[in-house]
Amino acid sequence: MPLDRSGLEILDADQCRSLLAGAPVGRVVFTDRALPAVQPVNFALVDDEVVIRTSNGSKLAAAVRGAVVAFEADDFDATTRTGWSVVVVGHARVVTDPGELEQLRRLPLSPWAPGEREHFLRIRPQMFSGRRIPAPAPDTAGHAAPL
């Protein structure tokens, strides 16, 4: 596994996709009134794209129409000091095709937040990047080496 200068494992695109497929929540990073904004969302990975369900009047839906956005998901274990982070960068689009909307409504993608969420956004990845914090190597006595 290749390592970056910090000793983190560099994940390839297939590893990034696999980790994203099992993550329940991520964060979409977009621009709102010329300022960076981050919003946690639950999502699904469909046909290699990140799919987010949102409401019609949401600031997210308004801000991302055709914009380049980032999407990040991660998982960490504080006890073992291991984890991973994946970032997707790509264009976001609001889904308007009735057939596509019907297909997306059948996904097991139930919003966690209250209220109606009948609009869908898709992010088509143009770039995947990911890093994993490897488990610490055991020292000679069989204990994990301190970080």
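The values are calculated or read from the model by the stated rules, or taken from the named source; none is laboratory data. This one's a predicted model, so the numbers in the text were calculated from it and none came from an experiment. All Cβ positions, even for glycine, are placed from backbone atoms using ideal geometry, and neighbour counts span all protein chains on display.
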Tell me which strands (runs of 3 or more DSSP E) are completely within the stretch 1-70 and hold 2 or more residues being touching a Gly at 6+ places or on another chain (Cβ under 7 Å) and at pLDDT 90 or above, or say none if there are none. 35-46
Please identify the pairs in which a residue from the stretch 53-65 that is in contact (Cβ under 8 Å) with a residue 60 or more places away in the chain has its Cβ atom under 9 Å from the Cβ atom of a residue that is in a helix (DSSP H, G or I), counting only partners at least 6 apart or on another chain. Arg53/Leu104; Arg53/Arg105; Thr54/Leu60; Thr54/Ala61; Ser55/Ala61
Name the residues in the stretch 41-91 that are within 14 Å of His119 (Cα to Cα) and surrounded by fewer than 14 Cβ atoms within 10 Å (Cβ to Cβ), would you? Asn56, Gly57, Ala62, Arg65
